[in-house]
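Peer 1: If you scroll down you'll find the structure; I have some questions about it.
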Amino acid sequence: MTQKTVTWNKSSWQNYTALQQPKWPDQEKFNQVIESISALPPLVFAGEIRELKKLLAKAVNGDAFLLQGGDCSEEFANCTAPNIRETLKVLLQMAVILTYAGGKPVVKVGRIAGQYAKPRSSDTEVVDGVEIPSYRGDMANSIEPAEEARIPDPERMLKGYYLSASTLNLLRAFTRGGFAALHRVHAWNQEFVKQSPMGRSYERLANQLSQALDFMETIGISTDIPQLKQAQFFTSHEALFLGYEEALTRQDSTTGDWYDCSAHMLWIGDRTRQIDGAHIEFLRGVLNPLGMKIGPKHDIDDILAIIEKLNPENEPGRISLITRFGAKGIEQYLPQLIRAMKKEGHHVVWTCDPMHANTFTATSGHKTRNFDDILAELRCFFEIHWSEGTVPGGVHFELTGNNVTECVGGARQLVDDQLSEKYLTTCDPRLNAEQSLEMAFQISEMIRR
Ligand code: PEP
Ligand code: CO
């Protein structure tokens, strides 16, 4: 028997230190909520999780490409049909652009239906001269800048569960019920984007696809098939609040294996991946595909040891490394990491998050990111992998389908002064729909067959 089967269970993380947990003021209430969630149905199913892992295994070799994206921090108040639809639409558009250019399946994974928990660099923040607890995501406390509103409330986890279920329900309806059919590729283009250069480029691509579908029909090939009528779409979030994750961890009746059924894919944040910490302990025992964020402050031997612990069998598709070094840091950090991984023969999906290490404060005082820095990190990511002989297997974005003004630059050259026009994020700045499309077109130049 391996050590894992001897010691791991879904609660064993409780014997380790868990960083970044809200300080729930009432333990009894917390326990009651966890008990309620434990009795509720799983949000996703083991078979779906296994399916995603198979697709990610293909991305390890370059036979598929991972597109992961969504809000930095989902908000309860934004759990509405239009918001869910717009996020899905922009991801579907990006996926079409990338599939067409790359000639390989694009695995679509949303930061959605549960991305309600946030790690913070500080426990408190100062608002109007008063120090109050930091916002830790809608599943912990409220963004409202008041002491009272920032006290964590476990009931919020229950609400997060139900809203995740509602979101998933709509996503399933959209992706299975015809909305995501390739025949509707034109309909995903948004009104406010249509007239932009990006919107027009997308229209041209959509026309080509429609013509190809018409051609198939004309010569008698049926396009009434699931591959064209439905989309495969998966969910993900940072596995942060371990009580919640444990409550949704279930044993698959067909295999006896354990899965965290709060989402298909879970990732470990850059701040919570301590080898002897609770997050690694918890995640090593669930069989979901796992992402791991790696920022500039990492130790290569430590990363190797974590991977060994999370994926002792070296199963392809289990681990995606999401590097986030910044446009200025990537050349310093990525090549060494790649070489160390190659030496050990670890099978991983190499993914780039070009958002998190390119954040800065604009002259207007807003936390922002520059489109050009994001693009520069991505370009380096591809170039470094090509020169090292490894596979750039995916990208990870904070984005929204809405017309926000949170990141500067892009084709419209959004400037600092415009940030306040529609700066809606409660956490990190996201690419808007048009910037997201532009990013996809840029990447398509890098992955072109
Ligand atoms: C995030 O993805 O929102 C996040 C907090 O990332 P990281 O752990 O890389 O800082
Ligand atoms: Co973020």
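Peer 1: Amide H to amide H, which residues 5 or more places from residue 112 or on other chains are under 5 Å from it, using H placed in the peptide plane?
Peer 2: Here 236 satisfy the definition.
Peer 1: Now a separate question. Would you pull out the residues with amide H under 5 Å of residue 423's amide H, same chain only if 5 or more places away, H placed 1.01 Å from N?
Peer 2: Residues meeting the criterion, in which the H sits 1.01 Å from N, are 405.
Peer 1: Straight-line reach from residue 23: which aspartates and glutamates have a Cα under 15 Å away, not including same-chain ones fewer than 8 places off?
Peer 2: Straight-distance partners of residue 23: 123, 138, 147, 148, 153, 155.
Peer 1: Once you have the Kirkwood Rh of segment 74-214 from its Cα pairs, apply Stokes-Einstein at 10 °C and 1.306 mPa s and quote D in µm²/s.
Peer 2: Result for D is 90 µm²/s.
Peer 1: Can you work out ³J(HN,Hα) from phi for every residue in segment 396-407, in order, using Karplus 6.51 cos²θ - 1.76 cosθ + 1.60 and θ = phi - 60°, giving whole Hz and x for Gly and Pro?
Peer 2: Result, ordered by residue: 9, 10, 9, 8, 9, x, 8, 8, 8, 10, 10, 10 Hz.
Peer 1: Which value, in Å² and to the nearest 10, is the accessible area of residue 268 when all protein chains are kept and the probe is 1.4 Å?
Peer 2: 0 Å²
Peer 1: While we're looking at this one, here's another question. Going Cα to Cα from residue 54, which lysines come in below 16 Å? Please leave out same-chain ones fewer than 8 positions away.
Peer 2: 104, 108
Peer 1: While we're here: Say the dipole of segment 68-156 comes from +1 at the beta carbon of Lys and Arg and -1 at that of Asp and Glu; which of 68, 152, 97 then lies farthest toward its positive end?
Peer 2: 97
Peer 1: Pull out a ≥ b ≥ c, the square roots of the eigenvalues of the alpha-carbon gyration tensor of segment 1-78, then state rounded if a/c is under 1.5, prolate if not and a/b is larger than b/c, and oblate in the remaining case.
Peer 2: In terms of gyration-tensor shape, oblate.
Peer 1: Per residue of the chain, what 222 nm ellipticity follows from adding -39500 (n - 2.57) for every DSSP H run with n ≥ 4, rounded to the nearest 500?
Peer 2: That calculation yields -13000 deg cm²/dmol at 222 nm.
Peer 1: Tally up the carbon and sulfur contribution to the accessible surface of the chain as a whole percent, 1.4 Å probe, everything protein left in place.
Peer 2: 49 percent
Peer 1: Let me ask another. Normalized C-alpha radius of gyration of segment 224-320, against 2.2 N^0.38 Å?
Peer 2: 1.20
Peer 1: For the chain, give me every cysteine whose Cβ has no other Cys Cβ within less than 4.7 Å, ordered by residue number.
Peer 2: Cys with no partner Cβ under 4.7 Å: 79, 261, 352, 380, 407.
Peer 1: Helix by helix, which DSSP H runs in the chain go 27 Å or more along their axis at the Cα atoms and have an average Kyte-Doolittle hydropathy of 0.0 or more?
Peer 2: Once both thresholds are applied, what remains is 81-102.
Peer 1: Hey, if you drop one equal point scatterer on each alpha-carbon of the chain and run the Debye formula without solvent, what base-10 log of I(q)/I(0) do you get at q = 0.12 Å⁻¹?
Peer 2: Reported log10 I(q)/I(0), two decimals: -1.04.
Peer 1: Taking H placed 1.01 Å from N in the peptide plane, check which residues at least 5 places from residue 294 or on another chain put their amide H under 5 Å from its amide H.
Peer 2: 322, 323, 324
Peer 1: Rounded to the nearest 20 debye, what is the charge dipole size of the chain about its Cα centre when +1 sits on each Lys and Arg Cβ and -1 on each Asp and Glu Cβ?
Peer 2: In total the dipole reaches around 1260 debye.
Peer 1: Using the Karplus equation 6.51 cos²θ - 1.76 cosθ + 1.60 (θ = phi - 60°), what ³J(HN,Hα) coupling, rounded to whole Hz, does each residue of segment 250-262 give in order, writing x for Gly and Pro?
Peer 2: 10, 8, 6, 5, 7, 10, x, 7, 9, 10, 7, 8, 7
Peer 1: From the protein chains alone at 1.4 Å, what is the descending order of accessible area for 264, 183, largest first?
Peer 2: 183, 264
Peer 1: In terms of the Cα gyration tensor, with a ≥ b ≥ c the square roots of its eigenvalues, is segment 181-240 rounded because a/c is under 1.5, prolate because a/b exceeds b/c, or oblate?
Peer 2: It is oblate, given that a/c is not under 1.5 and a/b is not larger than b/c.
Peer 1: Show me the ranking of peptides 55-61, 428-434, 328-334 by mean Cβ neighbours inside 10 Å, starting with the highest.
Peer 2: Top of the packing list down: 428-434, 55-61, 328-334.
Peer 1: With a 1.4 Å probe and all protein chains in place, put 386, 24 in order of accessible area, largest first.
Peer 2: Most to least solvent-accessible, the answer reads 386, 24.
Peer 1: To continue, here is another question. In straight Cα distance, which lysines are under 23 Å from residue 343, not counting same-chain residues fewer than 8 positions off?
Peer 2: The reachable lysines, counting only those whose Cα sits under 23 Å from residue 343, are 58, 293, 297, 309.
The values are calculated or read from the model by the stated rules, or taken from the named source; none is laboratory data. Just so you know, these numbers come straight off a predicted model, no measurement behind them. Positions of Cβ are generated from backbone atoms using ideal geometry, with glycine treated the same way; all protein chains shown enter the neighbour counts. Surface accessibility is based on the protein's heavy atoms, side chains included, excluding ligands, DNA and RNA. Shrake-Rupley method; radii C 1.70, N 1.55, O 1.52, S 1.80 Å.
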